[in-house]
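Data first, discussion second: the structure below is written as C-alpha coordinates.
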Amino acid sequence: LMTIRFTHAVRPLALALAAAGLFSSTPAVAAGPTPLPAAAPAQAGFSSDGLKRLDEFFVREIAAKRVPGAVVAIARDGKLVHYKAYGQRDPASGAPMTLDTVFGLASMTKIFTSVAALQLTEDGRLPLRSTLSEYYPGFGTMKVGVPQADGTLQLVDQKRPIYIHDLFRHTSGLTYGGRGDHPIAKFYPSGTEPPYAGDTQAFINTITRLPLAHQPGAVFEYSFSTDVLGAVVEKVSGKRLGAQLREKVWGPLGMKDTGFELSDSFKPRVARAFANNPLDGKPQSIPVIDKQTQFDCGGACAMGTVGDYVRFGQMLMNGGTLDGKRILSPQWVRHMTANHLGPEIVNRVSFVEGHREGFSFGLGVAVRTSAGLSAVPGNPGEYSWNGAYGTQFFADPKERLVVVVGTAAPGELRKYYREQVQDLVYGAMTR
(Lines give C-alpha, C1' and ligand atoms only; values in the text may rest on other atoms or scores of the structure.)
Protein backbone atom coordinates (compact mmCIF):
# COMPACT_ATOMS: atom_id res chain seq x y z
CA LEU A 1 0.00 0.00 0.00
CA MET A 2 1.06 3.58 -0.60
CA THR A 3 1.91 5.69 2.41
CA ILE A 4 -1.19 7.61 3.42
CA ARG A 5 -0.67 11.19 4.56
CA PHE A 6 -3.51 13.56 5.29
CA THR A 7 -3.51 17.08 6.60
CA HIS A 8 -6.51 16.18 8.73
CA ALA A 9 -7.73 12.96 10.27
CA VAL A 10 -10.02 10.65 8.32
CA ARG A 11 -12.59 8.46 9.99
CA PRO A 12 -12.28 4.67 10.06
CA LEU A 13 -14.68 4.12 7.14
CA ALA A 14 -12.48 6.20 4.87
CA LEU A 15 -9.34 4.39 5.97
CA ALA A 16 -10.92 1.01 5.35
CA LEU A 17 -12.04 2.04 1.89
CA ALA A 18 -8.63 3.53 1.14
CA ALA A 19 -7.14 0.12 1.73
CA ALA A 20 -9.71 -1.32 -0.67
CA GLY A 21 -8.72 1.19 -3.33
CA LEU A 22 -11.97 3.14 -3.15
CA PHE A 23 -10.50 6.26 -1.61
CA SER A 24 -7.40 7.87 -3.08
CA SER A 25 -4.46 8.36 -0.79
CA THR A 26 -4.05 11.96 -1.91
CA PRO A 27 -3.80 14.43 1.01
CA ALA A 28 -6.28 17.27 1.45
CA VAL A 29 -3.82 19.52 -0.36
CA ALA A 30 -1.29 17.49 -2.29
CA ALA A 31 2.41 17.66 -1.58
CA GLY A 32 4.57 19.10 -4.34
CA PRO A 33 3.46 21.55 -7.05
CA THR A 34 -0.16 22.63 -6.81
CA PRO A 35 -2.21 24.84 -9.12
CA LEU A 36 -2.52 27.49 -6.38
CA PRO A 37 -0.70 28.04 -3.07
CA ALA A 38 -2.00 25.94 -0.18
CA ALA A 39 -3.57 27.08 3.11
CA ALA A 40 -4.61 25.15 6.21
CA PRO A 41 -8.40 24.82 6.44
CA ALA A 42 -8.65 26.71 9.75
CA GLN A 43 -6.66 29.63 8.37
CA ALA A 44 -9.02 29.88 5.42
CA GLY A 45 -12.21 29.65 7.46
CA PHE A 46 -12.94 25.97 6.98
CA SER A 47 -13.61 23.26 9.52
CA SER A 48 -11.54 20.11 9.20
CA ASP A 49 -14.55 18.14 10.43
CA GLY A 50 -16.65 19.79 7.73
CA LEU A 51 -14.18 18.76 5.05
CA LYS A 52 -14.27 15.20 6.41
CA ARG A 53 -17.95 15.16 5.52
CA LEU A 54 -16.98 15.85 1.91
CA ASP A 55 -14.53 12.93 2.06
CA GLU A 56 -17.13 10.64 3.56
CA PHE A 57 -19.75 11.64 1.01
CA PHE A 58 -17.56 10.51 -1.89
CA VAL A 59 -16.46 7.41 0.00
CA ARG A 60 -20.11 6.38 0.34
CA GLU A 61 -20.98 7.17 -3.28
CA ILE A 62 -17.94 5.29 -4.60
CA ALA A 63 -18.58 2.29 -2.33
CA ALA A 64 -22.18 2.19 -3.59
CA LYS A 65 -20.86 2.21 -7.18
CA ARG A 66 -22.82 5.32 -8.07
CA VAL A 67 -19.75 7.20 -9.32
CA PRO A 68 -16.26 5.85 -10.12
CA GLY A 69 -14.33 8.70 -8.52
CA ALA A 70 -13.81 12.43 -8.30
CA VAL A 71 -11.29 15.25 -8.01
CA VAL A 72 -12.28 18.24 -5.86
CA ALA A 73 -10.50 21.60 -5.57
CA ILE A 74 -11.62 24.28 -3.10
CA ALA A 75 -9.82 27.64 -3.01
CA ARG A 76 -10.43 30.62 -0.78
CA ASP A 77 -8.57 33.92 -0.94
CA GLY A 78 -6.53 32.45 -3.78
CA LYS A 79 -5.26 29.47 -1.76
CA LEU A 80 -6.19 25.80 -1.91
CA VAL A 81 -7.76 24.44 1.24
CA HIS A 82 -8.82 21.13 -0.32
CA TYR A 83 -7.39 19.40 -3.40
CA LYS A 84 -8.04 15.71 -3.44
CA ALA A 85 -8.66 12.72 -5.70
CA TYR A 86 -11.13 9.98 -4.76
CA GLY A 87 -11.82 6.53 -6.15
CA GLN A 88 -11.03 5.40 -9.68
CA ARG A 89 -10.28 7.16 -12.93
CA ASP A 90 -11.28 4.09 -14.95
CA PRO A 91 -13.67 1.60 -13.33
CA ALA A 92 -12.99 -1.01 -16.01
CA SER A 93 -9.23 -1.15 -15.45
CA GLY A 94 -9.28 -0.15 -11.79
CA ALA A 95 -6.82 2.71 -12.43
CA PRO A 96 -6.94 5.07 -9.45
CA MET A 97 -8.15 8.65 -9.73
CA THR A 98 -5.23 11.09 -9.74
CA LEU A 99 -4.98 14.85 -9.57
CA ASP A 100 -3.77 14.98 -13.18
CA THR A 101 -6.83 13.13 -14.48
CA VAL A 102 -8.31 14.73 -17.60
CA PHE A 103 -12.08 15.24 -17.68
CA GLY A 104 -14.41 15.91 -20.57
CA LEU A 105 -15.47 19.43 -19.55
CA ALA A 106 -18.60 19.57 -21.73
CA SER A 107 -20.40 22.88 -21.11
CA MET A 108 -17.71 24.23 -18.80
CA THR A 109 -16.03 24.87 -22.17
CA LYS A 110 -18.54 27.69 -22.62
CA ILE A 111 -16.83 29.92 -20.07
CA PHE A 112 -13.50 29.57 -21.90
CA THR A 113 -15.19 30.57 -25.16
CA SER A 114 -16.92 33.53 -23.54
CA VAL A 115 -13.63 34.83 -22.13
CA ALA A 116 -11.94 34.46 -25.54
CA ALA A 117 -14.79 36.45 -27.13
CA LEU A 118 -14.66 39.15 -24.45
CA GLN A 119 -10.94 39.59 -25.08
CA LEU A 120 -11.83 40.47 -28.66
CA THR A 121 -14.47 42.88 -27.36
CA GLU A 122 -11.83 44.49 -25.16
CA ASP A 123 -9.66 44.82 -28.27
CA GLY A 124 -12.41 46.72 -30.10
CA ARG A 125 -12.93 43.87 -32.56
CA LEU A 126 -16.23 42.31 -31.43
CA PRO A 127 -18.91 44.71 -30.13
CA LEU A 128 -21.71 43.03 -28.20
CA ARG A 129 -24.27 44.94 -30.23
CA SER A 130 -22.90 43.83 -33.58
CA THR A 131 -25.18 41.51 -35.50
CA LEU A 132 -24.32 37.85 -35.92
CA SER A 133 -25.06 38.06 -39.66
CA GLU A 134 -22.06 40.39 -40.07
CA TYR A 135 -19.87 37.35 -39.41
CA TYR A 136 -22.09 34.55 -40.74
CA PRO A 137 -24.78 35.95 -43.09
CA GLY A 138 -26.96 32.82 -42.95
CA PHE A 139 -28.20 33.75 -39.49
CA GLY A 140 -29.84 36.87 -40.88
CA THR A 141 -32.39 34.92 -42.90
CA MET A 142 -33.34 32.29 -40.31
CA LYS A 143 -37.07 32.12 -39.60
CA VAL A 144 -38.71 31.74 -36.21
CA GLY A 145 -40.90 28.65 -35.78
CA VAL A 146 -44.19 29.45 -34.03
CA PRO A 147 -46.15 26.34 -32.90
CA GLN A 148 -49.79 26.31 -33.97
CA ALA A 149 -52.77 24.70 -32.26
CA ASP A 150 -52.96 21.99 -34.91
CA GLY A 151 -49.34 20.94 -34.25
CA THR A 152 -47.84 22.64 -37.28
CA LEU A 153 -45.20 25.37 -37.28
CA GLN A 154 -45.68 28.80 -38.75
CA LEU A 155 -42.40 30.33 -39.93
CA VAL A 156 -42.14 34.08 -39.34
CA ASP A 157 -39.43 36.70 -39.79
CA GLN A 158 -37.11 37.81 -37.01
CA LYS A 159 -38.39 40.96 -35.30
CA ARG A 160 -34.81 42.04 -34.74
CA PRO A 161 -31.44 40.52 -35.65
CA ILE A 162 -29.42 38.18 -33.45
CA TYR A 163 -26.74 40.18 -31.67
CA ILE A 164 -23.41 38.88 -30.39
CA HIS A 165 -24.79 39.77 -26.96
CA ASP A 166 -27.52 37.17 -27.50
CA LEU A 167 -24.93 34.42 -28.05
CA PHE A 168 -23.29 35.10 -24.68
CA ARG A 169 -26.57 35.03 -22.75
CA HIS A 170 -28.44 32.33 -24.73
CA THR A 171 -31.12 34.67 -26.04
CA SER A 172 -30.34 34.04 -29.73
CA GLY A 173 -33.45 31.94 -30.36
CA LEU A 174 -31.31 28.84 -31.01
CA THR A 175 -31.87 25.68 -28.98
CA TYR A 176 -30.45 22.17 -28.39
CA GLY A 177 -31.86 18.93 -29.67
CA GLY A 178 -33.12 16.51 -27.05
CA ARG A 179 -33.94 19.17 -24.45
CA GLY A 180 -37.31 20.37 -23.24
CA ASP A 181 -40.61 20.06 -25.01
CA HIS A 182 -40.30 22.77 -27.66
CA PRO A 183 -41.27 21.30 -31.05
CA ILE A 184 -38.30 23.03 -32.71
CA ALA A 185 -35.84 21.01 -30.61
CA LYS A 186 -36.52 17.83 -32.57
CA PHE A 187 -34.89 19.42 -35.64
CA TYR A 188 -31.65 20.32 -33.85
CA PRO A 189 -28.61 18.11 -33.22
CA SER A 190 -28.10 16.97 -29.64
CA GLY A 191 -25.84 19.16 -27.54
CA THR A 192 -24.19 16.08 -26.03
CA GLU A 193 -23.09 14.54 -29.34
CA PRO A 194 -19.64 15.88 -30.30
CA PRO A 195 -19.16 17.10 -33.91
CA TYR A 196 -17.20 14.25 -35.41
CA ALA A 197 -17.88 15.25 -39.03
CA GLY A 198 -17.36 18.56 -40.76
CA ASP A 199 -15.57 21.79 -39.93
CA THR A 200 -16.83 25.02 -38.37
CA GLN A 201 -18.51 26.17 -41.57
CA ALA A 202 -20.32 22.83 -41.92
CA PHE A 203 -21.70 23.31 -38.40
CA ILE A 204 -22.85 26.84 -39.26
CA ASN A 205 -24.50 25.56 -42.45
CA THR A 206 -26.40 22.93 -40.46
CA ILE A 207 -27.66 25.38 -37.85
CA THR A 208 -28.70 28.15 -40.23
CA ARG A 209 -30.96 25.77 -42.18
CA LEU A 210 -33.12 25.30 -39.07
CA PRO A 211 -35.85 27.51 -37.58
CA LEU A 212 -35.25 29.51 -34.43
CA ALA A 213 -37.19 28.41 -31.35
CA HIS A 214 -37.83 31.99 -30.19
CA GLN A 215 -37.54 35.54 -31.38
CA PRO A 216 -34.01 36.89 -30.74
CA GLY A 217 -33.75 38.59 -27.37
CA ALA A 218 -37.02 37.18 -26.03
CA VAL A 219 -36.20 34.01 -24.05
CA PHE A 220 -33.21 32.44 -22.30
CA GLU A 221 -33.00 29.09 -24.08
CA TYR A 222 -29.95 26.94 -23.38
CA SER A 223 -28.53 26.27 -26.81
CA PHE A 224 -25.77 26.10 -29.40
CA SER A 225 -25.27 29.85 -28.91
CA THR A 226 -21.78 29.43 -27.44
CA ASP A 227 -20.71 27.05 -30.22
CA VAL A 228 -21.71 29.80 -32.65
CA LEU A 229 -19.85 32.35 -30.52
CA GLY A 230 -16.74 30.17 -30.82
CA ALA A 231 -17.16 30.24 -34.59
CA VAL A 232 -17.32 34.04 -34.43
CA VAL A 233 -14.10 34.07 -32.39
CA GLU A 234 -12.48 32.04 -35.17
CA LYS A 235 -13.77 34.43 -37.85
CA VAL A 236 -12.55 37.55 -36.04
CA SER A 237 -9.21 36.16 -34.82
CA GLY A 238 -8.38 34.22 -37.97
CA LYS A 239 -7.41 31.21 -35.83
CA ARG A 240 -9.01 28.01 -34.63
CA LEU A 241 -10.69 28.51 -31.30
CA GLY A 242 -8.26 26.18 -29.54
CA ALA A 243 -5.27 28.07 -30.92
CA GLN A 244 -6.74 31.40 -29.82
CA LEU A 245 -7.43 30.07 -26.33
CA ARG A 246 -3.96 28.54 -26.11
CA GLU A 247 -2.35 31.84 -27.01
CA LYS A 248 -4.57 34.19 -25.02
CA VAL A 249 -5.92 32.21 -22.05
CA TRP A 250 -4.60 28.71 -21.42
CA GLY A 251 -0.95 29.47 -22.19
CA PRO A 252 -0.66 32.61 -20.06
CA LEU A 253 -2.39 30.84 -17.16
CA GLY A 254 -0.13 27.79 -17.38
CA MET A 255 -3.06 25.50 -18.21
CA LYS A 256 -0.95 22.86 -19.96
CA ASP A 257 -3.51 20.08 -19.49
CA THR A 258 -6.47 21.77 -21.21
CA GLY A 259 -7.37 21.63 -24.89
CA PHE A 260 -9.60 20.33 -27.65
CA GLU A 261 -7.09 17.78 -28.95
CA LEU A 262 -7.36 14.19 -27.75
CA SER A 263 -3.58 14.06 -27.45
CA ASP A 264 -1.36 11.11 -26.61
CA SER A 265 -0.77 12.81 -23.26
CA PHE A 266 -4.49 12.99 -22.50
CA LYS A 267 -5.56 9.50 -23.59
CA PRO A 268 -4.12 7.48 -20.67
CA ARG A 269 -5.39 10.04 -18.14
CA VAL A 270 -9.01 10.54 -19.14
CA ALA A 271 -11.75 9.84 -16.59
CA ARG A 272 -14.20 7.18 -17.71
CA ALA A 273 -17.74 6.55 -16.57
CA PHE A 274 -19.34 3.27 -15.63
CA ALA A 275 -20.44 1.40 -18.75
CA ASN A 276 -24.04 1.55 -17.52
CA ASN A 277 -25.89 4.34 -15.77
CA PRO A 278 -26.24 3.38 -12.08
CA LEU A 279 -29.78 4.77 -11.97
CA ASP A 280 -31.40 2.91 -14.86
CA GLY A 281 -28.79 0.42 -16.11
CA LYS A 282 -28.74 1.93 -19.60
CA PRO A 283 -25.43 2.24 -21.50
CA GLN A 284 -23.61 5.53 -21.05
CA SER A 285 -20.36 7.06 -22.24
CA ILE A 286 -18.36 10.26 -22.56
CA PRO A 287 -17.86 10.41 -26.34
CA VAL A 288 -15.39 13.29 -26.49
CA ILE A 289 -12.67 11.27 -24.72
CA ASP A 290 -12.73 8.45 -27.29
CA LYS A 291 -12.76 10.17 -30.66
CA GLN A 292 -11.30 13.45 -31.91
CA THR A 293 -13.81 16.14 -32.82
CA GLN A 294 -13.40 17.81 -36.21
CA PHE A 295 -13.81 21.39 -35.06
CA ASP A 296 -13.26 23.15 -31.76
CA CYS A 297 -16.86 23.39 -30.60
CA GLY A 298 -16.90 26.23 -28.09
CA GLY A 299 -19.93 24.93 -26.25
CA ALA A 300 -18.86 21.47 -25.18
CA CYS A 301 -15.68 19.91 -26.59
CA ALA A 302 -12.74 20.90 -24.36
CA MET A 303 -10.96 18.56 -21.96
CA GLY A 304 -8.86 19.45 -18.96
CA THR A 305 -7.83 18.86 -15.37
CA VAL A 306 -9.46 20.21 -12.24
CA GLY A 307 -6.15 21.85 -11.37
CA ASP A 308 -6.11 23.82 -14.61
CA TYR A 309 -9.72 24.89 -14.20
CA VAL A 310 -9.25 26.13 -10.64
CA ARG A 311 -6.50 28.42 -11.96
CA PHE A 312 -8.91 29.71 -14.61
CA GLY A 313 -11.59 30.25 -11.96
CA GLN A 314 -9.16 32.05 -9.68
CA MET A 315 -8.21 34.36 -12.54
CA LEU A 316 -11.85 35.42 -12.79
CA MET A 317 -12.12 35.76 -9.01
CA ASN A 318 -9.05 38.03 -9.07
CA GLY A 319 -10.70 40.33 -11.58
CA GLY A 320 -9.08 38.89 -14.69
CA THR A 321 -5.50 38.31 -13.56
CA LEU A 322 -3.38 35.53 -12.06
CA ASP A 323 0.34 35.38 -11.30
CA GLY A 324 0.91 38.68 -13.06
CA LYS A 325 -0.88 37.63 -16.26
CA ARG A 326 -3.80 39.86 -17.26
CA ILE A 327 -6.53 37.97 -19.18
CA LEU A 328 -9.44 40.40 -18.86
CA SER A 329 -9.87 43.78 -17.25
CA PRO A 330 -11.65 43.82 -13.86
CA GLN A 331 -14.41 45.93 -15.38
CA TRP A 332 -15.10 43.29 -18.03
CA VAL A 333 -15.10 40.49 -15.46
CA ARG A 334 -17.69 42.44 -13.47
CA HIS A 335 -19.75 42.95 -16.62
CA MET A 336 -19.40 39.28 -17.54
CA THR A 337 -20.65 38.13 -14.13
CA ALA A 338 -23.56 40.59 -13.89
CA ASN A 339 -27.17 39.79 -14.75
CA HIS A 340 -27.87 40.24 -18.48
CA LEU A 341 -31.46 38.99 -18.56
CA GLY A 342 -33.62 42.07 -18.26
CA PRO A 343 -37.32 41.97 -17.28
CA GLU A 344 -38.32 41.76 -20.94
CA ILE A 345 -36.53 38.40 -21.30
CA VAL A 346 -38.12 35.14 -20.13
CA ASN A 347 -35.69 33.62 -17.60
CA ARG A 348 -35.54 29.83 -17.99
CA VAL A 349 -32.19 29.28 -16.27
CA SER A 350 -33.74 27.05 -13.62
CA PHE A 351 -35.10 24.80 -16.40
CA VAL A 352 -31.53 23.64 -17.02
CA GLU A 353 -30.91 22.58 -13.40
CA GLY A 354 -33.47 22.35 -10.63
CA HIS A 355 -31.31 23.99 -7.97
CA ARG A 356 -30.93 27.21 -9.98
CA GLU A 357 -34.03 29.02 -8.75
CA GLY A 358 -32.90 32.56 -7.95
CA PHE A 359 -30.35 32.61 -10.78
CA SER A 360 -30.16 34.64 -13.95
CA PHE A 361 -27.49 34.66 -16.65
CA GLY A 362 -24.53 36.86 -17.54
CA LEU A 363 -22.01 36.60 -20.37
CA GLY A 364 -21.35 32.86 -20.40
CA VAL A 365 -22.14 32.14 -16.73
CA ALA A 366 -25.20 31.70 -14.56
CA VAL A 367 -25.40 34.47 -11.96
CA ARG A 368 -27.16 34.26 -8.59
CA THR A 369 -29.46 37.25 -8.11
CA SER A 370 -31.23 36.25 -4.89
CA ALA A 371 -30.01 35.18 -1.47
CA GLY A 372 -32.87 32.70 -1.26
CA LEU A 373 -34.92 30.52 -3.63
CA SER A 374 -32.07 28.22 -4.67
CA ALA A 375 -31.74 24.74 -3.20
CA VAL A 376 -28.05 25.42 -2.46
CA PRO A 377 -26.44 28.08 -0.26
CA GLY A 378 -24.50 30.99 -1.71
CA ASN A 379 -24.63 34.74 -2.17
CA PRO A 380 -25.90 37.14 -4.81
CA GLY A 381 -23.10 37.59 -7.31
CA GLU A 382 -22.09 33.92 -7.32
CA TYR A 383 -21.38 32.77 -10.88
CA SER A 384 -21.09 29.27 -12.26
CA TRP A 385 -21.68 26.68 -14.93
CA ASN A 386 -21.35 22.92 -15.09
CA GLY A 387 -20.69 20.15 -17.60
CA ALA A 388 -22.98 17.37 -18.84
CA TYR A 389 -20.33 14.69 -18.26
CA GLY A 390 -20.14 15.40 -14.52
CA THR A 391 -17.96 18.49 -13.98
CA GLN A 392 -18.81 21.50 -11.81
CA PHE A 393 -17.59 25.08 -11.32
CA PHE A 394 -18.84 27.84 -9.07
CA ALA A 395 -17.30 31.00 -7.65
CA ASP A 396 -18.65 33.22 -4.86
CA PRO A 397 -17.00 36.68 -4.78
CA LYS A 398 -18.46 37.58 -1.39
CA GLU A 399 -16.78 34.51 0.13
CA ARG A 400 -13.73 34.75 -2.18
CA LEU A 401 -14.43 31.11 -2.96
CA VAL A 402 -13.68 29.04 -6.08
CA VAL A 403 -14.74 25.38 -6.36
CA VAL A 404 -14.09 22.92 -9.20
CA VAL A 405 -15.19 19.28 -9.27
CA GLY A 406 -14.46 16.56 -11.80
CA THR A 407 -16.44 13.33 -12.01
CA ALA A 408 -17.25 10.95 -14.86
CA ALA A 409 -21.01 10.88 -14.30
CA PRO A 410 -22.84 11.70 -17.54
CA GLY A 411 -26.29 10.67 -16.30
CA GLU A 412 -28.78 12.52 -14.12
CA LEU A 413 -26.68 11.71 -11.04
CA ARG A 414 -24.36 14.55 -12.03
CA LYS A 415 -27.01 17.05 -10.89
CA TYR A 416 -27.23 15.32 -7.52
CA TYR A 417 -23.47 15.68 -7.04
CA ARG A 418 -23.53 19.36 -7.97
CA GLU A 419 -26.13 20.10 -5.33
CA GLN A 420 -24.52 17.93 -2.66
CA VAL A 421 -21.01 19.31 -3.18
CA GLN A 422 -22.20 22.90 -2.87
CA ASP A 423 -24.11 22.01 0.30
CA LEU A 424 -21.03 20.31 1.74
CA VAL A 425 -18.59 23.08 0.85
CA TYR A 426 -20.68 25.82 2.47
CA GLY A 427 -21.41 23.53 5.38
CA ALA A 428 -17.66 23.20 6.03
CA MET A 429 -17.14 26.96 6.29
CA THR A 430 -16.71 28.62 9.69
CA ARG A 431 -16.74 32.25 8.57
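The values are calculated or read from the model by the stated rules, or taken from the named source; none is laboratory data. Fair warning: this is a prediction, and the values are worked out from it, not measured in the lab. Using ideal geometry, Cβ is built from the backbone for each residue, glycine included, and neighbour counts are taken over all protein chains shown. These area figures cover heavy atoms from the full protein model, side chains too; ligands, DNA and RNA do not enter into them. Shrake-Rupley method; radii C 1.70, N 1.55, O 1.52, S 1.80 Å.
Could you give the dipole magnitude of the range 83-134 about its Cα centre, charging the beta-carbon of Lys and Arg +1 and that of Asp and Glu -1, in debye to the nearest 20? Can you show the working numbers first?
Numbers: 5 positive and 5 negative charges, 30 e Å.
The calculated dipole for the range 83-134 is roughly 140 debye.
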**Dipole moment magnitude, nearest 20 debye, the chain about Cα centre, only Lys, Arg, Asp, Glu C-beta charged** = 520
**Asked** Each residue of the range 309-326 in turn: what ³J(HN,Hα) in whole Hz from Karplus with 6.51, -1.76, 1.60 and θ = phi - 60°, glycine and Pro shown as x?
**Response** 5, 5, 5, 4, x, 5, 4, 5, 4, 7, x, x, 9, 7, 6, x, 9, 8
**Request:** Select from Asp264, Asp227, Asp49 the residue whose mean-square fluctuation is largest in a Gaussian network model of the chain (Cα-Cα springs shorter than 10 Å).
**Result:** Asp264
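How high is the relative contact order of the chain, in percent, with contacts defined as C-alpha pairs under 8 Å that are six or more residues apart?
Values: 937 pairs, mean separation 87.7, N = 431.
Here the relative contact order equals 20 percent.
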**Complete:** Per the C-alpha gyration tensor (a ≥ b ≥ c, the square roots of its eigenvalues), the range 66-164 is rounded if a/c is under 1.5, else prolate if a/b beats b/c, else oblate; here it's oblate
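Take peptides 346-352, 413-419 and line them up by average Cβ neighbours within 10 Å, highest first, as a rough protection proxy. Walk me through the numbers before you get to the answer.
Working: 346-352: 16.6, 413-419: 19.9.
In decreasing order of mean packing, 346-352, 413-419 become 413-419, 346-352.
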**Asked** What ³J(HN,Hα) values, in whole Hz, does the Karplus curve 6.51 cos²θ - 1.76 cosθ + 1.60 give for the range 272-277 when θ = phi - 60°, with x put for Gly and Pro?
**Response** 10, 7, 4, 4, 10, 4
**Request:** Can you tell me which of 119-129, 308-318, 152-162, 420-430 comes out highest on packing, and rank the rest after it, using the mean Cβ neighbours within 10 Å?
**Result:** 308-318, 420-430, 119-129, 152-162
**Message:** For the chain, what does the helix formula give at 222 nm: sum of -39500 (n - 2.57) over DSSP H segments with n ≥ 4, over the residue count, nearest 500 deg cm²/dmol?
**Reply:** -7500 deg cm²/dmol
**Complete:** So, over other residues within a Cβ distance under 13 Å of Met108, counting Lys, Arg +1 and Asp, Glu -1, the net charge is +2
**Request:** List every residue whose amide H lies under 5 Å from the amide H of Leu341, counting only residues 5 or more places away in sequence or on a different chain, with H placed 1.01 Å from N in the peptide plane.
**Result:** Phe361
**Prompt:** Near the amide H of Phe46, under 5 Å away, which other amide H atoms are found, from residues 5 or more places off or on another chain, if H is placed in the peptide plane?
**Reply:** Thr430
**Message:** Can you list residues from other chains, or at least 5 along the same chain, whose modelled amide H is less than 5 Å from the amide H of Phe394?
**Reply:** Val403
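If we count every other residue with Cβ under 12 angstrom of Val249's Cβ, Lys/Arg +1 and Asp/Glu -1, where does the sum land? Could the numbers behind the result be given before it?
On the way: positive: Arg246, Lys248, Arg311, Lys325, Arg326; negative: Glu247, Asp308.
Charge balance in the 12 Å sphere: +3.
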**Asked** Any idea of Tyr163's accessible area? Nearest 10 Å², probe 1.4 Å.
**Response** 30
**Prompt:** With +1 on each Lys and Arg Cβ and -1 on each Asp and Glu Cβ, how big is the dipole of the range 248-389 about its Cα centre, in debye rounded to the nearest 20?
**Reply:** 220
**Item:** Packing-based order for 136-144, 242-250, 273-281, using average beta carbon neighbours within 10 Å, highest first
**Value:** 242-250, 136-144, 273-281
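Rounded, prolate or oblate, given the Cα gyration tensor of the range 93-222, with a/c below 1.5 counting as rounded?
Numbers: a/c = 2.21, a/b = 1.33, b/c = 1.66.
It comes out oblate by the Cα gyration axes.
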**Request:** If a/c stays under 1.5 just call it rounded; otherwise compare a/b with b/c (prolate if a/b is bigger, oblate if not). Do that for the range 198-288, with a ≥ b ≥ c from the square roots of the Cα gyration tensor eigenvalues.
**Result:** oblate
